[in-house]
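Where a number appears in this text, it was derived from the coordinates with a stated rule and is not lab data. Predicted model only: the values in this text are computed from it and were never measured. Every residue, glycine among them, receives a Cβ derived from its backbone with ideal geometry; neighbour counts consider all protein chains shown.
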Amino acid sequence: MIPIRDSLPSRRFPIVTVSLIVLNLLVFLYQGYLQTRPVELNDGIAWQNEGLTPPPAFDPVSYRTHLIAGGDPGIYPVSASDYFVSKYALIAAELLRGTDLPPTIPIPLWLTVLTSMFLHGGLMHLLGNMLYLWIFGDNVEDAMGPIRFLVFYVLCGAAAAFAQIAVDPGSAIPLIGASGAIAGVLAAYFMLFPYAKVVTLIPIFFFLRLMSIPAVFLLGFWFLLQVISGAGSLGSGGGVAWFAHIGGFIAGAILVFPFRRRGVPVALWQRLRRGRT
């Protein structure tokens with residue numbers, strides 16, 4: 001299911017939402033530019049000494065070519081784009097060890113919790129995330145105000161990252177993407193505007209149909225899919241960071257209470273409370 005638009009116009013220009021989208025697009029364009037740059041060489045020995053193999057962005061085919069050409073076996077070639085991503089992605093094994101392995105970064109290692117939120121692994125990864133942020137972010141920003149919304153976004157992204165780290169603490173796979181932070185935005189929308197209608201593109205066999213679905217069902221179904229997929233991925237490693245999505249959503253559902261503007265009701269919570277009385 002692909003959301004197209006919602007029924008709630010924003011009351012103010014969503015400056016933070018738009019700024020986040022623009023920043024993500026600019027970083028992705030820079031990643032694309034780096035694809036045209038010469039290959040970088042990274043130190044594989046440092047990773048091996050930490051018991052972490054294979055290191056990030058390791059490609060056995062290019063490594064074999066590197067060896068045939070007489071290259072140093074302790075070094076492995078990596079594209080300039082992957083080199084950049086490996087630097088600024090969140091890597092659980094690095095963060096928990098407190099060891100910045102090559103390629104090193106000129107900022108404290110813990111800041112990769114933030115920088116990783118602006119990196120994406122491909123065009124569809126980026127566009128999917130930005131679509132969800134565009135549709136649901138403006139109303140959540142309205143309900144919180146720009147500064148609170150920005151802090152909320154970052155905190156949800158951090159909670160998402162640590163949820164994924166808790167599941168796979170020894171991973172050397174780069175964790176990237178805005179999905180965890182955006183999951184928090186979806187949770188806030190779910191709590192604040194559960195009965196807003198979302199026009200959604202739904203595939204039915206070989207046909208596509210537009211349907212207007214209440215947000216509580218659309219986003220509730222989305223979260224259920226993350227839980228099912230996360231449970232199925234346990235022990236498999238790699239792939240989608242399902243538990244980042246789950247952690248970000250849970251964080252968003254909790255943080256919406258202190259971050260909403262005074263007087264903005266948490267509609268779903270109020271409905272649940274009335275149902276218990």
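Quick look at the values:
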| quantity | calculated |
| --- | --- |
| The range 1-139 shape via C-alpha gyration tensor axes, a/c threshold 1.5 | prolate |
| Cα gyration tensor shape of the range 154-277, rounded if a/c is under 1.5, else prolate or oblate by comparing a/b with b/c | oblate |
| Span-rule helices in the chain, defined as complete DSSP H runs reaching 15 Å or more along the axis (Cα) with Kyte mean at least 0.5 | 15-34, 123-144, 146-167, 179-192, 215-233, 242-259 |
| Local electrostatic count at Asn42 - Lys and Arg +1, Asp and Glu -1, tallied over other residues with Cβ under 12 Å | -4 |
| The range 116-179 shape via C-alpha gyration tensor axes, a/c threshold 1.5 | oblate |
| Amide H within-cut-off set for Val198, under 5 Å, with H built and near neighbours excluded | Ile213, Ala215 |
| Residue exposure sequence - Ile228, Ile250 - by fewest surrounding Cβ within 10 Å | Ile228, Ile250 |
| Distance (nanometres) between label positions extended 7 Å along Cα→Cβ at Leu201 and Val240 | 1.7 |
| Assigned charges on the beta-carbon of Lys, Arg, Asp, Glu; the chain dipole about Cα centre (debye) | 1600 |
| Exposure proxy ranking, count of Cβ atoms within 10 Å, fewest first, for Val227, Val140, Val16 | Val227, Val16, Val140 |
| From the coordinates shown, Cα extents along the principal axes in Å corresponds to which of (i) 53, 43, 32; (ii) 72, 43, 37; (iii) 81, 49, 35 | (ii) |
